[in-house]
Amino acid sequence: MSETVTLRPRDWDSHPPYIYPDYKSTVLRGPTKPLLPIKERLRQLRAPVYGHDAIGPLDHDLTRNAAKNGAPLGERIVVTGRVLDERGRPVRHALVEIWQANAAGRYVHKVDQHEAPLDPNFLGAGRTLTDNEGRYKFYTVKPGAYPWGNHPNAWRPNHIHFSLFGEYFASRLVTQMYFPGDPLLAHDPIFQGTPERARDRLISKFSLEVTEPDFALGYVFDIVLRGPNETPMETPR
Ligand SMILES: [Fe+2]
């Protein structure tokens with residue numbers, strides 16, 4: 001049975017603008033007309049709009065889910081965190097999807113012609129569901145920086161793309177997770193396009209506790225779908 005719940009309005013001061021001239025392609029694709037609101041009934045729909053049974057046992061492990069003849073090259077990492085709602089409560093059974101470049105900074109995508117090697121054992125995509133405490137966990141390799149042509153000598157910081165679906169249809173979040181101490185953050189118009197007060201929410205924290213001995217470095221990235229601490233997102237308002 002579905003029920004309706006009214007969501008708190010978004011804190012738009014935490015999110016990047018549609019059009020941020022330093023991030024050149026936003027000038028071309030940012031909407032210039034008022035958006036059409038999602039129909040109220042759909043916005044408040046609490047029932048999941050996707051199936052849960054399609055998640056495979058290796059979908060959360062990018063070091064194994066596309067392996068053909070060995071492990072992917074790169075620095076193995078584990079990324080975990082909690083998905084929380086506007087009151088800090090765990091969002092259970094949220095669908096969390098990630099995609100990323102390989103350790104050399106190359107995506108498996110025809111548009112990516114960066115002169116860096118593809119890895120036959122790495123696809124760069126994974127998904128999982130949060131548990132009863134709102135927790136998710138991925139195993140992967142640290143993505144490399146890559147050039148992107150936005151401006152002379154433009155390089156994206158190491159990052160992992162995230163997409164989430166919470167309990168409500170409107171609780172969709174698309175964002176990027178960064179790594180602490182990355183010198184490219186200061187030069188990246190996508191990261192800088194997020195209001196300064198909210199930028200730290202996009203940077204994961206290194207954790208020795210999460211680090212698995214002799215296996216993988218650990219990073220924690222919590223995601224808040226709504227409210228004053230909500231994670232900055234990329235999707236249209
Ligand atoms: Fe990317």
task = Sort out which residues of the stretch 188-237 are among the aliphatic types (A, V, I, L, M) and over 27 Å from residue 30 (Cα atoms), and write them in order of number.
result = 208, 210, 216, 217, 220
Neighbours by Cβ (under 8 Å, 6+ apart or cross-chain): first from the stretch 205-216, in a strand (DSSP E or B); second among the small types (Gly, Ala, Ser) = 206/218; 207/218; 208/218; 209/218; 210/218; 211/218; 212/218
remark   = Apart from one, (1) on the phi > 0 side of the Ramachandran plot; (2) modelled with pLDDT of 95 or more all hold for residue 227; the odd one out is (2)
query = Given the residues 155, 99, which is the only one that is hydrophobic (A, V, I, L, M, F, W, C) and crowded, with 18+ Cβ neighbours inside 10 Å?
reply = 99
query = Of all residues in the stretch 75-109, which are in a loop (DSSP other than H, G, I, E, B), of a type outside the set (A, V, I, L, M, F, W, C) and away from the ligand (no atom under 15 Å from the Cβ)?
reply = 75, 85, 86, 87, 88, 89, 92, 93
message = With part of a loop (DSSP other than H, G, I, E, B), surrounded by 17 or more Cβ atoms within 10 Å (Cβ to Cβ) and either over 20 Å from the mean Cα position of the chain (by Cα) or among the small types (Gly, Ala, Ser) (or both) as the only criterion, which of 71, 66 stands out?
response = 66
query = Among 141, 111, 91, which is modelled with pLDDT of 95 or more and among the aliphatic types (A, V, I, L, M)?
reply = 141
message = Quick check on this structure: which one of 32, 6 is modelled with pLDDT of 75 or more, at negative phi and either in a loop (DSSP other than H, G, I, E, B) or among the polar types (S, T, N, Q) (or both)?
response = 32
message = Need the failing condition index for residue 49 against (1) at pLDDT 80 or above; (2) of a type in the set (A, V, I, L, M, F, W, C); (3) in a loop (DSSP other than H, G, I, E, B); (4) surrounded by fewer than 13 Cβ atoms within 10 Å (Cβ to Cβ), just the number.
response = (1)
query = From the set of residues in the stretch 130-160 that are under 16 Å from residue 75 (Cα atoms) and in a loop (DSSP other than H, G, I, E, B), which is farthest from the ligand (Cβ to nearest atom)?
reply = 142
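Mind checking whether some residue in the stretch 92-99 is within 16 Å of the chain's Cα centre (by Cα) and closer than 22 Å to residue 215 by Cα?
Of the stretch 92-99, the ones within 16 Å of the chain's Cα centre (by Cα) are 94-99.
If we keep only those that are closer than 22 Å to residue 215 by Cα as well, we get 98-99.
There is at least one residue in the stretch 92-99 that is within 16 Å of the chain's Cα centre (by Cα) and closer than 22 Å to residue 215 by Cα.
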message = I'd like to check something: does the stretch 114-127 contain any residue that is more than 23 Å from residue 207 (Cα to Cα) and free of Cβ contacts under 8 Å to residues at least 12 places away in the same chain?
response = yes
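The values are calculated or read from the model by the stated rules, or taken from the named source; none is laboratory data. Keep in mind it's a predicted model, so treat the numbers as computed, not measured. We place every Cβ from the backbone using ideal geometry, glycine too, and count neighbours over all the protein chains shown.
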